[in-house]
Amino acid sequence: MGWLLWVLVPLLFVGPVAVYLGQAGLFFLFAVCWQHYHITKQHVGFVMLWKAKNRERDANEMKLDRGFLLASGVIPLALFVVNTRLAAGIVTIVLTYCMVTAYAIFGAIFVAYQLRKWRAGKPMNLPKLFLLAALVPLQWLAFGYASRFGPDGIVRAGMALGLFHSLQYHRLIWFHNKNRYQGPDARAKHGIAAVLGQKFGYYFAAAAGLYYLAEVVPPTLISAQWLPAALWGIAFMHYVLDSKIWRVRGDKELAAALHL
């Protein structure tokens, strides 16, 4: 898995090349769209963790939860792109109507399933439902507000949704590290990861320090559009790595650290 770290090298050049070719706006749209898709997939992962913790095994319910969450993340973004990137006309009206109608039907099916489950006296997965109750309105509010600022508003939506996701993600990482990197031989086996997993202050200082070095210092030294485009490569590497490392079924140590 270590070789995947080298994917950072080509990813750092994607943004600057796009800026050089005069496609900066299109690149940043692509970057935030990938970010949002990554975040949505991460939310699916959180829901799957809560389902595993509550022993929800029904295959149809699994598909319904996954589909509803993906639709809740992707459709608001798609509506934003359609209404800020395409010229107003019959095409945008039809696309908007179709997506909103499809989502309304999907949402009604999801809610009806939960009500039927509750009336049947089956156990309700409250952590999963609380997450959806917070997440779904946030998607629509963030992109609805961002659309008022045109195409550049996508950065505002990305900030709001990214912050919500980051708080979740850091909590998961701290829980994992605290459980996994303990024991008398932890330092010898895991090195600095064990040190950062012993005290939250160490973990927080490392996270804040890395952010400062990667995102704050460079723009203060170089004020050029290609630099923030290049720094997106770090985020892209994160998206690639995350799609590989959070595989609970194939990693017994990971499952144990997450108490699954």
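Every read-out reported here was derived from the displayed coordinates using simple, explicitly stated rules and does not represent laboratory data. Because the structure is a prediction, the values reported are computed rather than measured. Cβ atoms come from the backbone with ideal geometry, glycine included; neighbour counts cover every protein chain shown.
Quick look at the values:
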| read-out | value |
| --- | --- |
| Cα convex hull of the range 2-257 - mean projected area over all directions, nm² | 16.8 |
| Rounded FRET efficiency, nearest 0.05, which uses the C-beta distance separating V217 from Q182 and R0 of 45 Å | 0.85 |
| Packing-based exposure ordering (other Cβ within 10 Å, fewest first) of T220, T96 | T220, T96 |
| Given charges at beta-carbon only (K, R positive; D, E negative), |dipole| of the chain in Debye | 980 |
| Ranked I222, I234, criterion: other C-beta atoms within 10 Å, fewest first | I222, I234 |
| Out-of-range pairs (alpha-carbon distance over 19 Å; input K53/K122; K199/K252; K41/K178) | K199/K252; K41/K178 |
| Projected label distance in nm at F149 and R116, using a 7 Å step from Cα toward the beta-carbon | 4.2 |
| Inter-label distance for T101 and S166, nm, one decimal - labels placed 7 Å from Cα along Cα-to-Cβ | 4.0 |
| Y202-I93 FRET efficiency (beta carbon distance; Förster radius 45 Å; 0.05 resolution) | 0.25 |
| Ascending count of other beta-carbon atoms within 10 Å, so fewest first, for S166, S147 | S166, S147 |
| Theoretical gain in end-to-end length, R57 to L26 [0.36 nm per residue, Cα-Cα removed] | 7.0 nm |
